[in-house]
1. Test of understanding: among Val220, Val166, Val247, Val231, which residue is part of a loop (DSSP other than H, G, I, E, B) and at pLDDT 95 or above?
2. Kindly indicate the residue of region 234-244 that is surrounded by fewer than 21 Cβ atoms within 10 Å (Cβ to Cβ) and not in a loop (DSSP other than H, G, I, E, B) and also nearest to the ligand (Cβ to nearest atom) among those meeting that condition.
3. Across region 252-264, which residue is nearest to the ligand (Cβ to nearest atom) among those that are surrounded by 24 or more Cβ atoms within 10 Å (Cβ to Cβ) and touching a residue at least 40 places away in the same chain (Cβ under 8 Å)?
4. Just to confirm my filter: which strands (runs of 3 or more DSSP E) fall fully inside region 312-397 and include at least 2 residues that are in contact (Cβ under 8 Å) with a residue 60 or more places away in the chain and within 23 Å of Leu235 (Cβ to Cβ)?
5. Check off (1) surrounded by fewer than 24 Cβ atoms within 10 Å (Cβ to Cβ); (2) part of a loop (DSSP other than H, G, I, E, B); (3) within 16 Å of the ligand (Cβ to nearest atom); (4) modelled with pLDDT of 95 or more for Pro276 and give me the number that stays unchecked.
6. Which residues, counting only those in region 308-324, are surrounded by fewer than 23 Cβ atoms within 10 Å (Cβ to Cβ), within 30 Å of Gly281 (Cβ to Cβ) and more than 13 Å from the ligand (Cβ to nearest atom)?
7. Do we have Leu369 as more than 13 Å from the chain's Cα centre (by Cα), within 15 Å of the ligand (Cβ to nearest atom) and surrounded by fewer than 24 Cβ atoms within 10 Å (Cβ to Cβ) here?
8. Can you tell me which of Val327, Val339, Val303 is among the β-branched types (Val, Ile, Thr), surrounded by 24 or more Cβ atoms within 10 Å (Cβ to Cβ) and away from the ligand (no atom under 15 Å from the Cβ)?
Amino acid sequence: MNHPLSRLVPRILLASLLYCLPCTLALAESQLEFEEAETEAADDENVEDIESSKPLRKNIDNARKISHPDQAEASEDPEPSSKTTKIAPHIDLKELAPPPGVQSFSPETEASETTEPEPEPEPKSKTTTETTPEAPHDEGTATVFDDQAASAESADEPNIDPTEEVAGAITLLGTEIMPGTSTRLSWSSGMQIAGLSQSTPVLVVNGSKPGPTLCLTGAVHGDELNGIEIVRRTLYDLDPEMLAGQVIGVPIVNLQGFQQGSRYLSDRRDLNRHFPGNPTGNLADRIAYSLFNEIISHCTMLVDIHTGSLKRTNLPQLRADMNIAEVRTFVKGFDRMAVVHSSGTTGMLRTAALDAGIVAVSMESGESLRIQEKQIKAGVNSLNSLMEKQNMISRLFVWGKPEPIHYDSYWIRAEHAGILFSKKKLGDRVIKGQVLGVVTDPITNASHAIHARDTGRIIGMAVDQVVMAGFAAYHIGAETEIPDEE
Ligand SMILES: [Zn+2]
């Protein structure tokens with residue numbers, strides 16, 4: 001069938017491309033808006049986003065690359081606190097910390113008013129050219145200096161040991177963190193009533209050697225607790241002297257949701273649909289904007305840690321857009337983690353990070369509202385392997401058997417309401433037609449089995465519970481060979 005319109009459309013597009021570039025852009029934009037509206041309805045990362053994921057491209061070599069915005073673009077949104085900075089006291093993250101005072105790193109904050117926990121001596125100076133890097137600093141003094149002058153100085157600074165590369169200080173949340181030190185900062189989006197403002201900890205380890213900046217975020221959904229512990233253990237186990245690059249960890253991003261045991265913000269919005277945010281938008285937009293600009297924009301790599309939602313549990317796995325070459329390389333660094341291709345949804349932290357040139361994946365491990373030791377260990381292990389692979393640490397990591405990459409996955413929904421009893425476990429391999437679980441109506445006693453549609457592996461599933469018809473019960477990763485690429 002060759003409808004006349006089908007011949008006409010490419011010509012119109014070509015003509016508009018040649019004669020009316022703005023029209024073409026407007027057309028593309030309206031298409032984008034349409035797609036956004038379509039995906040906005042999704043409120044469950046585990047199910048609808050997987051179902052709406054764009055498939056893997058046939059010709060993987062032509063896959064798109066992450067566009068890295070250049071410095072000029074990146075500096076369009078200057079940090080609100082870039083005018084004055086103070087030097088962070090070195091804090092051994094393994095030691096007990098006093099409860100932090102409420103801090104806000106808004107532009108109004110006076111650097112000298114810091115209520116940082118007890119500082120330890122000698123944050124190594126790099127900004128003072130007159131002294132060697134080992135020179136002790138004034139204990140606990142919040143040194144205020146001009147940011148631009150400092151960066152100019154560090155650029156000109158001669159290397160002490162020409163054979164060894166020297167790491168630089170980093171500035172985060174209005175604070176200068178010296179190389180070879182770790183510290184605990186705090187971030188607040190500043191959206192609360194003055195005096196009721198609560199900040200969430202930001203753990204920073206700035207290695208003594210140069211390297212990439214890895215960011216770890218937990219509890220973007222406030223009820224997903226495993227990630228909080230994964231971030232804490234990973235960060236607290238790092239020795240800044242032995243680290244190349246920086247690791248920035250935000251264990252509890254959605255503090256509001258965390259306090260209420262809720263996935264959502266206090267306005268019932270899903271924060272993970274509002275990145276990179278908007279300073280003049282709704283509450284979620286503004287919180288997302290603050291996090292993204294204050295912290296995420298400093299990262300070169302991001303792992304956003306989640307769990308299953310709504311009484312579903314996930315096998316430790318990465319959600320990754322395998323259409324992007326850098327992401328395909330990045331996921332090879334994660335030991336014993338299945339990889340599930342998912343193109344992501346507009347507004348997700350990982351999607352926004354990718355758009356900003358940051359290599360990003362989501363990590364899923366276990367279920368919400370629980371602390372699960374096995375899943376936490378899996379996450380920490382995999383992040384350690386990643387840092388080893390990125391040459392950030394050297395611990396002679398012992399790699400396990402590679403996990404498969406699932407380029408395609410699908411959810412099987414319950415067709416009947418009742419009580420679900422699973423016959424299979426997370427990680428089980430299943431073949432077409434096999435019974436995954438049985439839903440029994442407690443009133444009529446009628447039982448209905450749920451069958452596997454295809455061969456695959458259970459990478460996510462509902463825990464035994466009362467289900468309604470349509471409840472997504474089993475997430476099956478299509479059986480995929482481990483690809484030999486590059
Ligand atoms: Zn989540």
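1. Step by step, each of Val220, Val166, Val247, Val231 is checked, and only Val220 is part of a loop (DSSP other than H, G, I, E, B) and at pLDDT 95 or above.
2. Among them, the one singled out is Tyr236.
3. Result: Arg263.
4. Output list reads 312-320, 359-367.
5. Failing condition for Pro276: (3).
6. Matches in region 308-324: Asn323, Ile324.
7. yes
8. Exactly one residue qualifies, and that residue is Val339.
The values are calculated or read from the model by the stated rules, or taken from the named source; none is laboratory data. Just so it is clear, the structure is predicted and the values come from calculations on it, not from any experiment. FYI the Cβ positions are ideal-geometry reconstructions off the backbone, even for glycines, and counts take in every protein chain you see.
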